[in-house]
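Participant: Starting off with a structure, shown below.
The values are calculated or read from the model by the stated rules, or taken from the named source; none is laboratory data. Bear in mind that the values here come from a model prediction, so they are computed numbers and not experimental data. Note that each Cβ is placed from the backbone with ideal geometry, even for glycine, and that neighbours are counted across all protein chains shown. When the accessible area is computed, the model is the full protein with side chains, heavy atoms only, and any ligands, DNA or RNA have been set aside. Shrake-Rupley method; radii C 1.70, N 1.55, O 1.52, S 1.80 Å.
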Amino acid sequence: MTIDTAQHDSAIAKLRDHYNRRLGEQEALLRKKRQVEDKVTEKRAEIVKLEGVKILLQESSAFAREQARRQIETMVTNALQFIFGDQDIEFRVEIDEVRGRAEGEFLVVSKYGGEIPVQTRPQDARGGGVVDVISLALRAALLHANRPRLDGPIILDEPAKHVSEEYSRQVAEFLKQLSTAFGRQIIMVTHNQHLANTGDTSYMVEMRSGKSYVRVYQSIEQA
């Protein structure tokens, strides 16, 4: 049998070239595989880090929310006790997670002389005066707790208009202390004489013959 060595060498050379090409392709695929594996490892590390950040933010948010809740509860409770002279009344905020969102409910807790505490919604507790005081104290607390700080005066329109006459002086004193504590001017519109008397400057607006006339208000106490 005669073997054509030239043809044989040519065939071997082609096989060698094919092998080398396939070997090069394999090496390129292996490099790409290693790159992908490195990226997967990097992304997994990022996921672990992000999960840690997420947990930290959730815990920080829960802590901040709890701090804000306590601050608001304390301020509103102090306002209720100061104005109504009742140490057996408290304001409470209950926060629950509803469909992944934090929702709060406002409650008034009354002990009625040390008996079993009774929880009611503000609108159901001791008439509208309680709602007015809670609303006033809540607005002040939220304004004070806001970050960044909101500057400017506190503007009130008929604050505590449903609070009975016997507690009007306490409301006036509360607003005065609020202004001093927060370092804010309070501008309000009121028909309540006790509130008008507390102002450093008060103006009376009178309607005569369809026209409004403004004059500096001077109460009997100021005269």
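Participant: In the stretch 144-201, what count of residues is obtained for those that are of a type in the set (Gly, Ala, Ser) and assigned to a loop (DSSP other than H, G, I, E, B)?
Facilitator: 5
Participant: Check the stretch 43-51 and report whether any residue there is among the β-branched types (Val, Ile, Thr), surrounded by 10 or more Cβ atoms within 10 Å (Cβ to Cβ), under 26 Å from the mean Cα position of the chain (by Cα) and part of a helix (DSSP H, G or I).
Facilitator: No.
Participant: So, Gln193, is that one more than 23 Å from Leu143 (Cα to Cα), open to solvent by 80 Å² or more (accessible area, probe 1.4 Å), within 39 Å of the chain's Cα centre (by Cα) and not aromatic (Phe, Trp, Tyr) or not?
Facilitator: The answer is yes for Gln193.
Participant: Do we find that Ser60 is touching a strand residue (DSSP E or B) at 6+ places or on another chain (Cβ under 9 Å) and either among the aromatic types (Phe, Trp, Tyr) or open to solvent by less than 70 Å² (accessible area, probe 1.4 Å) (or both) in this structure?
Facilitator: Answer is no for this residue.
Participant: Being under 26 Å from Ile187 (Cβ atoms) and either among the small types (Gly, Ala, Ser) or not in a loop (DSSP other than H, G, I, E, B) (or both), is that true of even one residue in the stretch 115-126?
Facilitator: Yes, because at least one residue in the stretch 115-126 is under 26 Å from Ile187 (Cβ atoms) and either among the small types (Gly, Ala, Ser) or not in a loop (DSSP other than H, G, I, E, B) (or both).
Participant: Of the residues Arg149, Arg121, only one is touching a strand residue (DSSP E or B) at 6+ places or on another chain (Cβ under 7 Å), of a type outside the set (Val, Ile, Thr) and open to solvent by 90 Å² or more (accessible area, probe 1.4 Å); which?
Facilitator: Result of the check over Arg149, Arg121: Arg121.
Participant: Of these, Glu105, Glu94, Glu166, which one is more than 25 Å from Ala64 (Cα to Cα) and either surrounded by 14 or more Cβ atoms within 10 Å (Cβ to Cβ) or charged (D, E, K, R) (or both)?
Facilitator: Glu166
Participant: Oh, and also: Does the stretch 175-190 hold any residues that are touching a strand residue (DSSP E or B) at 6+ places or on another chain (Cβ under 9 Å) and open to solvent by 100 Å² or more (accessible area, probe 1.4 Å), and which are they?
Facilitator: Lys176, Gln185
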